[in-house]
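**Student:** Can you read through this structure? Questions will come right after.
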Amino acid sequence: MNELSLSDLQIVLPEIWLALAGMALLMVGVFTSNRSTRLITGLTLVVFIIAGVLVNSGLDGTGFGGLVVDDRFGAFMKTLVLIGAGLTLLMSLGFIRREGMERFEFPVLILFATLGMFIMVSANDLMSLYIGLEMQSLALYVCAAFQRDNLRSTEAGLKYFVLGAVASGMLLYGASLVYGFTGTTSFADLAIILSGSDVSIGAIVGLVFIAAGLAFKISAVPFHMWTPDVYEGAPTPVTAFFSVAPKVAAVALLIRVLTGPFGGLFAEWQQIVFLLAVASMLLGAFGAIAQSNIKRLMAYSSIGHVGYILVGLAAGTAEGINGIAIYLAVYLAMSVGTWGCILAMRRQQRMVEDIADLSGLSRSNPGLAAALAIFMFSMAGIPPLAGFFGKFYVFLAAVNAGLYTLAVVGVLTSVVGAFYYIRIVKVMYFDEPGDAFDRPVGRELSWVVGLSAAFTLLFFVYTGPVLDGAAAASQSLGLVTIGEAQSAVLE
Amino acid sequence: MILQTLAFYLFAAVLLASAVMVIASRNPVHSVLFLILAFFNAAGLFVLIGAEFLAMILVVVYVGAVAVLFLFVVMMLDINLTELRQGFLQYLPVGALIGLVLAIELIFVVTGWQLSPELAGMAQAPASGLVEHSNTAQLGEILYTRYAFLFQGAGVILLIAMMGAIVLTLRHRDIKRQKISRQVAQKPGDTIEIRKIRPGEGV
């Protein structure tokens with residue numbers, strides 16, 4: 001039991017690879033100083049590609065006495081995390097050079113944050129959950145404050161750090177309650193103990209605290225307060241990173257925790273997720289209307305998207321998880337693309353962030369305007385763009401699970417959300433043109449934006465890989481018991 | 001057995017006395033020194049109950065790192081204590097009230113305390129099967145095998161924390177350093193220019 005075997009190491013091969021590569025790149029950076037930032041960013045991307053290969057060729061199973069698990073679900077989510085981290089890192093190249101952020105620690109921190117997300121996604125024990133979460137969060141706090149001479153960036157970093165520490169405290173408190181009342185931290189053992197009929201109230205209180213801590217990490221209402229400020233203050237490429245990779249990892253972790261060890265408490269946590277979903281969808285829709293800063297608007301938009309994702313989780317079926325997996329993949333593409341467009345908003349060598357600055361973009365830069373229009377229509381959920389399919393699968397799962405309220409609220413808030421998404425399109429295409437943005441926007445940026453726009457636009461033509469991957473991911477969680485419990489409740 | 005009891009009372013008495021002195025002494029440096037004394041005595045108590053690993057950690061981490069850090073902070077910040085103490089009387093009623101509530105809660109907890117009957121039996125068999133090892137060896141045995149993954153993960157977290165501190169605070173200032181080789185290799189022609197100036201015209 002206590003002996004390490006080779007299969008243990010094989011299970012965590014991607015994690016080991018990321019950790020060793022991160023330390024090696026750190027050494028390269030230390031000995032060559034900040035001149036090599038571009039080289040290290042490039043090498044980090046290579047590391048990500050190799051990690052992607054390792055993730056998708058790994059074996060299924062648990063390692064280290066059940067501390068970590070490797071399955072199709074983990075592989076799918078880790079691939080999304082890698083794509084999100086890689087694309088945002090690629091987009092950041094121009095920004096960090098111009099804004100005096102060119103320091104070799106930046107790509108290394110992103111790499112270590114990705115390592116933390118990997119551990120989160122494959123956590124199979126409350127202890128590995130916390131280690132992964134804290135590793136990711138710590139790297140993100142530093143990234144948020146990376147422009148240390150910028151007041152807003154340091155404020156964002158400090159705010160994120162303090163509130164994140166509170167959330168970690170809540171999560172730890174919940175974990176200690178669960179451990180105290182069940183005597184184990186292993187997800188597999190917890191699932192057995194908590195599936196019985198007489199679950200102690202202490203474990204349920206623990207579940208509530210753990211759910212609250214994780215809800216903070218995915219910025220679901222009412223734990224969303226930090227999101228607009230941190231998104232606005234953090235350097236734009238960092239915000240782009242925040243809005244994709246950590247969100248995917250935290251949602252994956254929430255799914256794993258709620259459906260795995262707490263699967264027997266479905267009736268209890270469904271109420272929590274239900275409330276979080278409704279509140280997030282409403283606030284995401286109505287909070288964004290009054291925003292004039294596009295980074296704040298995207299923060300509210302991401303809160304709304306988290307609400308839609310939680311609709312799939314509230315269903316508690318494999319179909320719902322399938323919907324979430326598709327939604328995350330689509331959200332990743334839309335989000336990365338939109339942030340790419342925001343990174344291209346420069347005028348006289350300075351970043352501009354107001355929605356009004358986009359006026360008349362269709363005349364000064366038709367390509368960028370068309371791409372941003374595609375992302376906005378997609379986020380609003382207009383068929384046949386990718387965003388429609390994400391929402392469709394999630395709402396379908398909710399309807400099939402009998403959660404008509406959630407589906408109706410979701411559709412209504414989508415209509416409200418369409419208002420502010422399409423307003424951006426209106427500003428770009430019908431308002432009087434202002435000064436043109438700086439050209440060229442940068443080769444990497446155009447590639448990322450073009451790629452995401454193509455994915456969003458043509459998703460319906462070739463859906464195969466995403467749908468297959470999502471199906472395999474949702475099947476590997478083995479949600480049969482929850483589905484049965486759900487249908488039993490309905491009868 | 002008598003010796004152990006005597007040692008316990010000695011450590012406990014010094015611990016309590018020095019803990020009182022931490023908050024009672026006027027000089028903050030004395031407070032920190034009393035805190036270190038308290039840590040040492042707590043370590044002695046741990047040794048008495050056979051938890052020598054905790055005792056070592058307490059000395060290494062708390063005395064070696066945390067207390068010295070405190071000492072640095074206290075010495076560098078130059079806190080004016082008379083100002084700090086001015087609010088003491090003002091907050092005394094609130095503090096006393098909170099203390100009273102906590103005391104009542106403690107009394108409730110202790111009077112309502114029930115130990116399960118099996119507990120007495122369990123306490124006599126600590127870590128069955130591994131008794132021949134010291135608890136440092138026992139901890140090491142699972143820390144580097146079963147929990148190796150978490151142990152390494154915690155190490156990476158510390159590395160990130162260190163990187164973060166360096167990224168956010170380290171500044172490379174332009175310091176002018178003497179480079180003797182360059183001074184020696186300097187030729188008069190590099191720095192001195194000789195010009196012929198006619199009287200009354202200036203440079």
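The values are calculated or read from the model by the stated rules, or taken from the named source; none is laboratory data. This structure is a prediction, so every number in the text was calculated from the model and none was measured. Using ideal geometry, Cβ is built from the backbone for each residue, glycine included, and neighbour counts are taken over all protein chains shown. The accessibility values were calculated without ligands, DNA or RNA, using every heavy atom of the protein model including side chains. Shrake-Rupley method; radii C 1.70, N 1.55, O 1.52, S 1.80 Å.
**Student:** Please list A:I192, A:I382 from largest to smallest accessible area, probe radius 1.4 Å, with all protein chains kept in place.
**Tutor:** A:I192, A:I382
**Student:** For the stretch A:352-438, what relative contact order do you get, as a whole percent, if you take Cα pairs closer than 8 Å and at least 6 residues apart?
**Tutor:** Dividing the mean separation by the residue count of the stretch A:352-438 yields 50 percent.
**Student:** Which helices, counted as full DSSP H runs in chain B, have an axial Cα extent of no less than 15 Å and a Kyte-Doolittle average of -0.5 or above?
**Tutor:** Numbers: long enough: B:2-24 (32 Å, 2.29); B:28-48 (30 Å, 2.06); B:88-111 (33 Å, 2.12); B:148-169 (32 Å, 2.20).
Going by DSSP H runs, the hits are B:2-24, B:28-48, B:88-111, B:148-169.
**Student:** Are there any residues in the stretch A:67-91 with a reduction of at least 10 Å² in accessible surface when going from the isolated chain to the assembly of protein chains? Probe 1.4 Å, please list them by number.
**Tutor:** A:L67, A:V68
**Student:** Another question, if that's okay. When only the heavy atoms of the protein chains count and the probe is 1.4 Å, how do A:F455, A:F106 rank by accessible area, highest first?
**Tutor:** From most accessible down to least: A:F455, A:F106.
**Student:** Still on this structure: Between exposed chymotrypsin sites (Phe, Trp or Tyr not before Pro) in chain B, where DSSP calls loop and at most 16 other Cβ atoms lie within 10 Å, what's the longest gap? Please report the intermediate quantities before stating the final value.
**Tutor:** On the way: sites that count: B:W113, B:Y144.
The segment B:1-112 is the longest one with no such site.
**Student:** Please check the stretch B:151-175 for residues whose accessible area, probe 1.4 Å, is lower by 50 Å² or more when all protein chains are in place than in their chain alone.
**Tutor:** B:V156, B:I157, B:L159, B:I160, B:M163, B:V167, B:L168, B:R171
**Student:** Let me ask something else. If one computes the Cα centroid of the stretch A:417-480 and of the stretch A:98-114, what distance in Å separates the two points?
**Tutor:** 25
**Student:** Take every Cα pair under 8 Å in chain A that's 6+ residues apart, average their separations, divide by the length, and report that relative contact order as a whole percent.
**Tutor:** Details: 862 pairs, mean separation 74.4, N = 491.
Across chain A, relative contact order equals 15 percent.
**Student:** Still on this structure: Across the residues of A:22-28, average count of Cβ atoms on other protein chains within 10 Å?
**Tutor:** Across the residues of A:22-28, the mean count of other-chain Cβ atoms within 10 Å is 1.
**Student:** Could you grab the relative contact order for chain B? Cα pairs under 8 Å, six or more apart, rounded to a whole percent.
**Tutor:** Normalised by residue count, the contact order of chain B is 13 percent.
**Student:** Report Rg (one decimal) and Dmax (nearest whole number) for the protein assembly as shown, counting Cα atoms only, units Å.
**Tutor:** Rg then Dmax for the protein assembly as shown, in Å: 29.6, 115.
**Student:** Continuing with this model, one more query. Sorted by accessible area (1.4 Å probe), largest first, how do A:F459, A:F209, A:F419, A:F395 line up?
**Tutor:** The ordering from most to least exposed comes out as A:F419, A:F209, A:F395, A:F459.
**Student:** Next up: Is it possible to state the helix-based mean residue ellipticity at 222 nm for the protein assembly as shown, with each DSSP H run of 4+ residues giving -39500 (n - 2.57), the sum divided by total residues, to the nearest 500 deg cm²/dmol? What is it?
**Tutor:** Taking each H run of at least 4 residues, the total per residue is -24000 deg cm²/dmol.
**Student:** Compute the acute angle (0 to 90°) between the alpha-carbon long axis of helix A:294-315 and the principal axis of greatest extent of the alpha-carbon atoms of chain A; round to the nearest 10°.
**Tutor:** 30
**Student:** Counting protein heavy atoms only and a 1.4 angstrom probe, how many square angstrom of accessible surface do chains A and B bury in total, to the nearest 100? Before the final figure, lay out each step's value.
**Tutor:** On the way: alone 18570 and 17650 Å², together 33880 Å².
Between A and B, the summed buried area is about 2300 Å².
**Student:** What accessible area per residue, rounded to a whole number of Å², is obtained for the protein assembly as shown using a probe radius of 1.4 Å?
**Tutor:** Details: 33880 Å² over 694 residues.
Spelled out: the 1.4 Å probe surface of the protein assembly as shown, per residue, equals 49 Å².
**Student:** I've got another one for you. Just read off the accessible area of A:L87 with the full protein assembly in place, 1.4 Å probe, to the nearest 10 Å².
**Tutor:** Approximately 40 Å² of A:L87 is accessible to the 1.4 Å probe.
**Student:** Taking chain A as the reference, fit the longest principal axis to its C-alpha atoms, fit the long axis of helix A:236-259 to the helix C-alpha atoms, and give the angle between the two in degrees, 0 to 90, nearest 10.
**Tutor:** 20
**Student:** While we're looking at this one, here's another question. Which angle between 0 and 90 degrees, to the nearest 10, do you get for helix A:318-343 versus the longest principal axis of chain A when only C-alpha atoms count?
**Tutor:** Computed tilt is about 20 degrees.
**Student:** Still on this model: Carbon and sulfur: what percent of the protein assembly as shown's accessible surface (1.4 Å probe)? It would help to have the intermediate numbers written out before the result.
**Tutor:** Details: 23280 of 33880 Å².
Carbon with sulfur: 69 percent of the solvent-accessible area.
**Student:** Roughly speaking, what is the centre-to-centre gap between the stretch A:178-229 and the stretch A:42-96 when only Cα atoms are used, to the nearest Å?
**Tutor:** For the stretch A:178-229 versus the stretch A:42-96, the Cα centre distance is 26 Å.
**Student:** Anything losing 30 Å² or more of accessible area from the isolated chain to the full protein assembly: pick those residues out of the stretch A:119-158, probe 1.4 Å, ligands and DNA/RNA ignored.
**Tutor:** So the qualifying set is A:M127, A:I131, A:M135, A:L138, A:V142, A:R148.
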